[in-house]
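The values are calculated or read from the model by the stated rules, or taken from the named source; none is laboratory data. All values derive from a computational prediction rather than experimental measurement. Ideal geometry is used to build each Cβ from the backbone, glycine not excepted, and the neighbour counts take in all protein chains shown. Heavy atoms of the whole protein, side chains included, go into the accessibility calculation; ligands, DNA and RNA do not. Shrake-Rupley method; radii C 1.70, N 1.55, O 1.52, S 1.80 Å.
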Amino acid sequence: MRPLFIAGNWKMNPGTAEDAVALAEAIKVGVGQETRVRVALCPPSVFLQAVDGVLENSPIGLGGQNMHWKTDGAYTGELSGAMLVDSGCTHVILGHSERRHGLGETDHQVNDKLKAALAIQLIPIVCVGETLVEREAGKTDEVVGTQLENSLAEITAEQMCGIVLAYEPVWAIGTGKTATPAHAQHVHLFIRNLLRETFNAATAARVVVLYGGSVKPDNAADLLACPDIDGALVGGASLKASDFLGIIQAGQAVTAKGKA
Ligand code: PGA
């Protein structure tokens with residue numbers, strides 16, 4: 001049984017700590033003590049401590065958007081996993097496409113970060129996904145398969161059970177073009193089969209695989225109802241409390257109907 005998990009990736013938003021606190025407060029109130037769907041917020045690192053203060057006594061988790069693979073040292077502008085934990089984080093997003101494609105982050109670096117996150121007991125959310133060119137060339141499975149194989153190198157089956165994956169087709173991120181539930185389910189099933197081959201059937205059945213890319217309150221229910229989609233990594237719609245709460249409510253309704 002895999003409980004649904006909805007994570008909000010705020011990216012480089014909002015502009016002030018005051019707005020970050022207000023957004024977190026509104027989401028905290030909306031979620032209350034409801035735990036049927038797990039929720040996490042991933043604000044910019046400078047707002048982590050303020051948002052952590054808001055989330056006290058709430059079941060909502062807190063995540064960083066990135067971390068370095070080293071524990072300390074001369075790495076200007078970087079953050080260690082220990083710093084994220086010290087700021088209240090339970091989760092960390094790794095290998096988001098805006099870092100892979102925008103900043104040249106490699107599978108090898110994602111793998112190093114993943115091992116460092118596991119070592120400090122952060123729950124990693126490892127992102128993979130194909131570009132539009134790759135999709136149109138029919139290479140989605142190949143690209144996602146290679147990213148996973150390299151990003152998960154030397155990870156044990158036991159470790160894998162504690163890693164969250166996120167399939168985020170690059171062409172669907174921030175574009176308003178959501179993958180159809182059929183396309184997303186196809187790739188999620190491909191990922192699950194790959195996990196079965198690489199690890200084992202029990203591990204494949206336990207790993208939570210999120211979908212990300214223009215998830216909104218009005219398309220969330222259809223995506224979350226797919227058998228191999230276990231939640232969503234939400235960008236734009238996580239910046240408006242009512243939209244993010246609408247996605248969580250869609251997940252609660254799917255769960256109530258017997259999903260998972
Ligand atoms: P989006 O972003 O929901 O704005 O498409 C998703 C993500 O990049 O995680």
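Screening the candidates Glu149, Glu136, Glu142 for the property of being more than 30 Å from Leu23 (Cα to Cα), open to solvent by 40 Å² or more (accessible area, probe 1.4 Å) and at pLDDT below 95 yields one hit, Glu136. Of the numbered criteria (1) touching a His at 6+ places or on another chain (Cβ under 6 Å); (2) assigned to a loop (DSSP other than H, G, I, E, B), the one Cys127 fails is (2). Figure legend. Inter-residue proximity from the range 178-195: first residues under 15 Å from Lys139 (Cα atoms) and free of Cβ contacts under 8 Å to residues at least 60 places away in the same chain, second residues open to solvent by 30 Å² or more (accessible area, probe 1.4 Å) and not small (Gly, Ala, Ser), beta-carbon distance below 8 Å, spacing 6+ or different chains. Indicated pairs: Val187/Asp141; Phe190/Asp141.
Yes/no matrix, rows are residues, columns are (1) at pLDDT 95 or above; (2) aliphatic (A, V, I, L, M); (3) open to solvent by 10 Å² or more (accessible area, probe 1.4 Å); (4) over 18 Å from Pro217 (Cβ atoms):
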site: Ala20; (1), (2), (3), (4): yes, yes, no, yes
site: Ala24; (1), (2), (3), (4): yes, yes, no, yes
site: Gln33; (1), (2), (3), (4): yes, no, yes, yes
site: Arg36; (1), (2), (3), (4): no, no, yes, no
site: Leu41; (1), (2), (3), (4): yes, yes, no, no
site: Ser45; (1), (2), (3), (4): yes, no, yes, yes
site: Ser58; (1), (2), (3), (4): yes, no, yes, yes
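Within the range 231-248, identify whether any single residue is over 30 Å from Met12 (Cα atoms), surrounded by fewer than 19 Cβ atoms within 10 Å (Cβ to Cβ) and in contact with a helix residue (DSSP H, G or I) (Cβ under 9 Å, 6 or more places away or on another chain), and answer yes or no. I'd like the intermediate steps shown before the answer.
Kept after step one, since they are over 30 Å from Met12 (Cα atoms), are these residues of the range 231-248: none.
No; the residues of the range 231-248 include none that is over 30 Å from Met12 (Cα atoms), surrounded by fewer than 19 Cβ atoms within 10 Å (Cβ to Cβ) and in contact with a helix residue (DSSP H, G or I) (Cβ under 9 Å, 6 or more places away or on another chain).
Restricting attention to the range 60-72 and to residues that are open to solvent by less than 60 Å² (accessible area, probe 1.4 Å) and over 25 Å from Leu245 (Cα atoms), the residue that is nearest to the ligand (Cβ to nearest atom) turns out to be Met67. Only residues that are surrounded by fewer than 18 Cβ atoms within 10 Å (Cβ to Cβ) and β-branched (Val, Ile, Thr) were counted in the range 156-184, giving 3.
Tell me, please, whether a residue that is closer than 27 Å to Val170 by Cβ, touching a residue at least 60 places away in the same chain (Cβ under 8 Å), open to solvent by less than 60 Å² (accessible area, probe 1.4 Å) and part of a helix (DSSP H, G or I) can be found in the range 84-106. Break it down stepwise before answering.
First, the residues of the range 84-106 that are closer than 27 Å to Val170 by Cβ: 84, 89-106.
Filter once more, so that each one left must be touching a residue at least 60 places away in the same chain (Cβ under 8 Å): 91, 93, 96-98, 101.
From what is left, the residues that are open to solvent by less than 60 Å² (accessible area, probe 1.4 Å) are 91, 93, 96-97.
Still in the running and part of a helix (DSSP H, G or I): 97.
There is at least one residue in the range 84-106 that is closer than 27 Å to Val170 by Cβ, touching a residue at least 60 places away in the same chain (Cβ under 8 Å), open to solvent by less than 60 Å² (accessible area, probe 1.4 Å) and part of a helix (DSSP H, G or I).
The criterion of at least 2 residues that are in contact with a Pro (Cβ under 8 Å, 6 or more places away or on another chain) is met, among helices (runs of 4 or more DSSP H) falling completely within the range 137-249, by 181-198, 217-224. Do any residues in the range 204-217 that are over 19 Å from Phe244 (Cα atoms) have Cβ atoms under 6 Å from those of residues that are aliphatic (A, V, I, L, M), where the two are at least six apart or on different chains, and which pairs are they? Sorted first by the residue in the range 204-217, then by its partner, the pairs are Ala204/Leu195; Val207/Leu195; Val208/Val164.
So the check is Cβ under 7 Å with 6+ separation or different chains; which pairs have a first residue in the range 235-250 that's in contact (Cβ under 8 Å) with a residue 60 or more places away in the chain and β-branched (Val, Ile, Thr) and a second one that's assigned to a helix (DSSP H, G or I) and within 14 Å of the ligand (Cβ to nearest atom)? Pairs found: Ile247/Pro217; Ile247/Ala220; Ile247/Ala237.
Looking at Leu79, is it at pLDDT 95 or above and crowded, with 23+ Cβ neighbours inside 10 Å? So that I can check it myself, show each step before the final result.
Values: at pLDDT 95 or above: yes; crowded, with 23+ Cβ neighbours inside 10 Å: no.
No.
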